[in-house]
Amino acid sequence: MNATPLHPWVIANKDGMVEPVHCDCKAGLGETCSHVGALLFHIESVHRLMSRRTVT
Ligand SMILES: [Zn+2]
């Protein structure tokens, strides 16, 4: 709980192609860590929820 929060980030094109990724953790230096994976899953779920909304 006292650990400094990590700051993963990704750059993606509009077509969904993921370009560089990065994270502050040790595995993130190699651009392959679970934090980036979790961030990509979060982005996908938000995108899915946003596309389900209908204009009324
Ligand atoms: Zn990480």
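Side notes on the structure shown:
- The chain, relative contact order [Cα under 8 Å, separation at least 6], %: 24 percent
- Only protein atoms count toward the accessible area here, which uses a 1.4 Å probe; on the chain, the carbon and sulfur part of that area reaches 61 percent.
- Per residue accessible area in Å² of the chain, where ligands, DNA and RNA are left out and the probe is 1.4 Å: 89 Å²
- For the chain, the longest principal axis of the alpha carbon atoms and the long axis of helix 34-52 meet at an angle near 10°.
- Dipole-positive endmost among A3, V46, T32 within the chain (Cβ charges, Cα centre): V46
- With the convex hull of its Cα atoms as the shape, the chain has an orientation-averaged projected area of 5.4 nm².
- Dipole magnitude for the chain: about 300 debye, using +1 per Lys or Arg Cβ and -1 per Asp or Glu Cβ, origin at the Cα centre.
- Computed extension gain for S45 through D24, at 0.36 nm per residue and net of the alpha carbon distance, reaches 5.2 nm.
The values are calculated or read from the model by the stated rules, or taken from the named source; none is laboratory data. Being a predicted model, the structure only gives us computed values, none of them experimental. Heads up, the Cβs are rebuilt from the backbone with ideal geometry, glycines too, and the neighbour counts pull from every protein chain shown. Ligands, DNA and RNA are stripped out before the accessible areas are found, and what is left, the full protein with its side chains, is counted by its heavy atoms. Shrake-Rupley method; radii C 1.70, N 1.55, O 1.52, S 1.80 Å.
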